[in-house]
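A.B. asks: Please find one structure pasted underneath; my questions will follow.
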Amino acid sequence: MTARRGLTVDVVAPRHAAPGVRGLAAWLRRAAPARARGHVTVALITDQRMRQLNATYRKTDKATDVLSFPALGPALAPGPDLGDLAIALGVAKRQAHEYGHDLATEVRILALHGLLHLLGYDHEADQGQMRRLEERLRQRARLPVGLIARTPRGRTLP
């Protein structure tokens, strides 16, 4: 667990995912908006597990790239519990290949997007605030095009 500016981040990942996630917790802390406070857990999971989560929580039978699960109860970690992020490694690998960057970059794009959801942003209902913030943070972190920007308008993100 790492802490800075009141944000703590835990990353749970299988051993084989190490090249794609090394330093993710520290990176997400630095890339987060200044107002980010609390604790977030990022779980890197299989596509099969993501498909199960989608079936259970979204009634969708497919693996998506990232899901955000805002905290519902009192925090067990220092500071408020923001919630959890689940990132499907197989989907992330395919998207990294499609967009011409490495897995670590794609995981960072997805983690930043998911964190913004945990902070209360909703690109489907907020008149573009999340899109603008994601763009600023992405540029500051030197990431390629963000998740919202690369999704054609009119099509919702999974």
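The numbers here are math on the coordinates, done by the rules we state, and not lab data. These numbers come from a predicted model, not from an experiment. Using ideal geometry, Cβ is built from the backbone for each residue, glycine included, and neighbour counts are taken over all protein chains shown.
A.B. asks: Which trypsin sites (Lys or Arg not before Pro) does the range 27-70 hold that lie in a coil by DSSP with at most 10 other beta carbons within 10 Å? Before the final figure, lay out the partial values.
C.D. replies: Numbers: sites: Arg29, Arg30, Arg35, Arg37, Arg49, Arg51, Arg58, Lys59, Lys62; in loops: Arg35, Arg37, Arg58, Lys59, Lys62.
The qualifying sites are Arg35, Lys59.
A.B. asks: Additional query: List the pair-distance distribution P(r) of the range 2-140, using every Cα-Cα distance, as the percent of pairs falling in each 5 Å bin from 0 up to the bin containing the longest distance, rounded to whole percents.
C.D. replies: Histogramming the range 2-140 at 5 Å steps yields 2, 10, 19, 23, 23, 16, 6, 1, 0 percent.
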